[in-house]
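First up is the structure itself, then whatever we jot down about it.
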Amino acid sequence: VKEVANLSLVSSACDVVSAAYASTKESHPCLSSVCDAAEKGVQSVPEAMASCVQPVLATLEPHVTAVSECAAKGLDQLGEKLPLLPKPVEQVLCDTKELLSSRGAEVQEAVSS
C-alpha cells in the first residue's frame, strides 16, 4: 500500500482530491460540519480496531511479508509497462492534451487534403 501511495500519479491524485475537499469545506459551511463529524468518526476507528487486529496481524505477518514482496514485484512490472505511473496527474493531463491536440491536427490535415 505504501508503494502504491508513493507513486507520483497516485500521490498527486490524492493531493488534488485533498485540495478539492478542503476547498469544498471552506466554501460550504453546512458541509464543513458534516465533514468534521465524519473525520472524527474515521479517526476513532483505527484506535478501536488496533487492539482487535493486532493478534491477527502477528499471526499473519509471514504471509503478509510474502504477499508484499509479490506486490512490489508486480508494481515494478506494471511501472515498466505503464510509463505514466511515475508522473503526477498534472503531467499526465498535459501529455494527454498534447497527444489529443496533435492527433486532432493530423486528422484535420488528412480530412482537408
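Between residue 63 and residue 24, the distance separating the two model label sites (each 7 Å from Cα on the Cα→Cβ line) works out to 3.6 nm. The slack in the chain from residue 34 to residue 14, taken as 0.36 nm per residue of separation less the alpha-carbon distance, amounts to 5.1 nm. For the stretch 1-82, the tally of Lys pairs with Cα-Cα distances below 23 Å comes to 4, considering only residues 8 or more apart or on different chains. In plain terms, the chain from residue 100 to residue 72 could stretch by 6.8 nm, reckoned as 0.36 nm per residue minus the Cα-Cα distance.
Geometric descriptor of the chain, per residue, is 148 Å³ (volume of the convex hull of the Cα atoms). Protein heavy-atom surface of the stretch 1-82, 1.4 angstrom probe: 66% of the accessible area is carbon and sulfur, with nucleic acids and ligands not counted. On a per residue basis, the chain carries 80 Å² of accessible surface, using protein heavy atoms and a 1.4 Å probe. Placing a label point 7 Å from the Cα of residue 85 along the Cα-to-Cβ direction, the residues of the stretch 1-26 whose backbone N falls under 19 Å of that point are 1-15. Between helix 8-27 and the chain there is an angle of about 80 degrees, using the helix long axis and the longest principal axis of the Cα atoms.
The values are calculated or read from the model by the stated rules, or taken from the named source; none is laboratory data. Small disclaimer: the values here were computed from a predicted structure and weren't measured. Because the Cβ atoms are built from the backbone with ideal geometry, glycine has one as well, and the counts that use them run over all protein chains shown. Remember, those area values only see protein heavy atoms, side chains included, never the ligands or the DNA or RNA. Shrake-Rupley method; radii C 1.70, N 1.55, O 1.52, S 1.80 Å.
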